[in-house]
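Asker: I'd like to ask some things about the structure below.
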Amino acid sequence: MTSDHSSLDKRTEALMLLRGESPVLACGEVWLVGAGPGDPGLLTLDALAGLMQADVIVHDALVDSRVLALAHPEAEICFAGKRGGKPSFAQEDISAQLVALARRGLRVLRLKGGDPFVFGRGGEELLALAAAGIPFRVFPGITAGLGALASAGIPATMRGINQAIIFATGHGVDEAQGLDWGALARTGQPLVLYMGLRNLDHVVTALLRGGLSPVTPAALIASATLPGQQTVVTTLAGLVDAANHAQMAPPTLVVIGEIVRLREQLMTGPRRQGGTFPEASDP
């Protein structure tokens, strides 16, 4: 592997024509890029530009293999995944790896599922790069919360239903350090919960104590935007049982609020398999 690609291939030339002046990934630079929720069609053009130019790609566990297949043929692919409850790379080690690769003069692409600044620890990695004097750029991606809602046929906002939407994480929730779920319940606004399966029972109990109705519509969306996407619609009170019965596994988004009710209406309309709503029906 070399740090200088000999020439631009036809794909890169086509991208430059489409994008205009495509951004250039320089030697010794790190790009922090969001790969979106999974479906390669949801990549940004700038993410594609990074994939085509990078000498080395350091990617998370949730980056789809079809996205990685777009990398330059000479690029080195390095896995640096973090999965809750499973052996994972330490964040400090990942940050140190990015610094070391950039100091070798390589073009480094740090590829994260979703958006790197939405529960992705992107800020921590950039702080490490800044402290080491490594030049970097950030390119956003479609966050899993929005991608999952669109793919499942649940509008994120709807006139007459909500004036806001709340993204929160259920990872590491406990009574001492967790969010004030009662306060979130009292907003009356839909809640999209990342990494919420492990502590789902705690979150549901806290929301009920906070005054949210047990019959509030809720949904679980697993493997959002991917061919194996699974969506289960239930109620707040039924969330835990529904997750267990359907054997939902990470990555799963939890959606709680009246916007979930719109899915049933949208699913009755004509749709194409593999399009906006990839599932034929709810389980």
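Asker: Scan the stretch 33-41 and give yes if some residue there is closer than 14 Å to Ala75 by Cβ, open to solvent by less than 80 Å² (accessible area, probe 1.4 Å) and modelled with pLDDT of 70 or more, otherwise no.
Answerer: Yes: one or more hits.
Asker: Related question: Scan the stretch 241-250 for residues that are part of a loop (DSSP other than H, G, I, E, B) and either open to solvent by less than 60 Å² (accessible area, probe 1.4 Å) or of a type in the set (Phe, Trp, Tyr) (or both) and jot them down. Before you say what the answer is, go through the steps one by one.
Answerer: Step one: list which residues in the stretch 241-250 are part of a loop (DSSP other than H, G, I, E, B), which gives 246-250.
Answer for the stretch 241-250, where residues must be part of a loop (DSSP other than H, G, I, E, B) and either open to solvent by less than 60 Å² (accessible area, probe 1.4 Å) or of a type in the set (Phe, Trp, Tyr) (or both): Ala246, Met248, Ala249.
Asker: For Ile221, are the conditions met, namely being surrounded by 18 or more Cβ atoms within 10 Å (Cβ to Cβ), in a loop (DSSP other than H, G, I, E, B) and among the β-branched types (Val, Ile, Thr)?
Answerer: Criteria not met by Ile221.
Asker: Would you call Thr205 under 16 Å from Gly257 (Cβ atoms), exposed (fewer than 15 other Cβ atoms within 10 Å of the Cβ) and either out of contact with any strand residue (DSSP E or B) (no Cβ under 6 Å at 6 or more places or on another chain) or at pLDDT 95 or above (or both)?
Answerer: No: the conditions fail for Thr205.
Asker: A further question follows. Given the condition among the β-branched types (Val, Ile, Thr), at pLDDT 95 or above and closer than 30 Å to Val108 by Cα, answer yes or no: does some residue in the stretch 176-193 qualify?
Answerer: no
Asker: Next question, about the same structure. Test Leu68 against the criterion of being open to solvent by 70 Å² or more (accessible area, probe 1.4 Å), under 22 Å from Ala222 (Cα atoms), at pLDDT 75 or above and not β-branched (Val, Ile, Thr), and give yes or no. Spell out how you get there, then give the answer.
Answerer: Working: open to solvent by 70 Å² or more (accessible area, probe 1.4 Å): no; under 22 Å from Ala222 (Cα atoms): yes; at pLDDT 75 or above: yes; not β-branched (Val, Ile, Thr): yes.
No, not satisfied.
Asker: Of the numbered conditions (1) touching a strand residue (DSSP E or B) at 6+ places or on another chain (Cβ under 7 Å); (2) at pLDDT 95 or above; (3) crowded, with 18+ Cβ neighbours inside 10 Å; (4) not β-branched (Val, Ile, Thr), Leu146 fails exactly one; give the number of that condition.
Answerer: (1)
Asker: Could you figure out which of (1) buried (at least 18 other Cβ atoms within 10 Å of the Cβ); (2) over 22 Å from Cys27 (Cβ atoms); (3) within 16 Å of the chain's Cα centre (by Cα) isn't true of Asn162?
Answerer: Unmet for Asn162, out of (1) buried (at least 18 other Cβ atoms within 10 Å of the Cβ); (2) over 22 Å from Cys27 (Cβ atoms); (3) within 16 Å of the chain's Cα centre (by Cα): (3).
Asker: Continuing with this model, one more query. Kindly provide the set of residues from the stretch 139-163 that are in contact with a helix residue (DSSP H, G or I) (Cβ under 7 Å, 6 or more places away or on another chain) and of a type in the set (A, V, I, L, M), ordered by number.
Answerer: Matches in the stretch 139-163: Ile142, Ala152, Ile154, Ala156, Met158, Ile161.
Asker: Show the residue pairs that are 6+ apart or on different chains and have beta-carbon atoms under 7 Å apart, the first residue being within the stretch 201-228 and touching a residue at least 24 places away in the same chain (Cβ under 8 Å), the second being part of a helix (DSSP H, G or I) and aromatic (Phe, Trp, Tyr).
Answerer: Pairs that qualify, where the first residue is touching a residue at least 24 places away in the same chain (Cβ under 8 Å) and the partner is part of a helix (DSSP H, G or I) and aromatic (Phe, Trp, Tyr), are Val203/Trp181; Ala206/Trp181; Leu207/Trp181; Gly210/Trp181.
Asker: On the given criteria, is Pro227 touching a Ser or Thr at 6+ places or on another chain (Cβ under 9 Å) and in a loop (DSSP other than H, G, I, E, B)?
Answerer: Taking the combined requirement at face value, the residue does not satisfy it.
Asker: Which ones in the stretch 253-266 are assigned to a strand (DSSP E or B) and open to solvent by 10 Å² or more (accessible area, probe 1.4 Å)? It would help to see each step written out before you state the result.
Answerer: First, pick out the residues of the stretch 253-266 that are assigned to a strand (DSSP E or B): 253-256.
Hit for the stretch 253-266 is Leu253, nothing else.
Asker: Now, a different point. For residues that are in contact with a helix residue (DSSP H, G or I) (Cβ under 7 Å, 6 or more places away or on another chain) and either of a type in the set (Phe, Trp, Tyr) or within 21 Å of Ala185 (Cβ to Cβ) (or both), tally how many sit in the stretch 222-236.
Answerer: Within the stretch 222-236, residues that are in contact with a helix residue (DSSP H, G or I) (Cβ under 7 Å, 6 or more places away or on another chain) and either of a type in the set (Phe, Trp, Tyr) or within 21 Å of Ala185 (Cβ to Cβ) (or both) number 3.
Asker: Between a first residue in the stretch 23-47 that is closer than 22 Å to Thr252 by Cβ and a second residue that is among the charged types (D, E, K, R) and open to solvent by less than 50 Å² (accessible area, probe 1.4 Å), which pairs have beta carbons less than 6 Å apart while being 6 or more apart in sequence or on different chains?
Answerer: Close Cβ pairs satisfying both conditions: Gly34/Lys112; Gly34/Asp115; Gly38/Asp64.
Asker: From the list Gly188, Gly238, Gly210, Gly196, exactly one residue is open to solvent by 40 Å² or more (accessible area, probe 1.4 Å) and of a type outside the set (Lys, Arg). Which is it?
Answerer: Gly188
Asker: From the set of residues in the stretch 72-108 that are among the small types (Gly, Ala, Ser) and modelled with pLDDT of 95 or more, which is nearest to the chain's Cα centre (by Cα)? Give the steps one after another, and end with the answer.
Answerer: If we filter the stretch 72-108 for residues that are among the small types (Gly, Ala, Ser), which is where we start, we get 75, 80-81, 84-85, 88, 90, 95-96, 100, 102, 105.
Add one more test, that the residue is modelled with pLDDT of 95 or more, and what stays is 75, 95-96, 100, 102, 105.
Numbers: Ala75: 23, Ser95: 19, Ala96: 23, Ala100: 26, Ala102: 25, Gly105: 29 Å.
Per the criteria, the residue is Ser95.
The values are calculated or read from the model by the stated rules, or taken from the named source; none is laboratory data. Keep in mind it's a predicted model, so treat the numbers as computed, not measured. Counting neighbours? That spans all protein chains shown, and the Cβs are built from the backbone with ideal geometry, glycine included. Accessible surface is based on the protein model in full, side chains and every heavy atom, while ligands, DNA and RNA are left aside. Shrake-Rupley method; radii C 1.70, N 1.55, O 1.52, S 1.80 Å.
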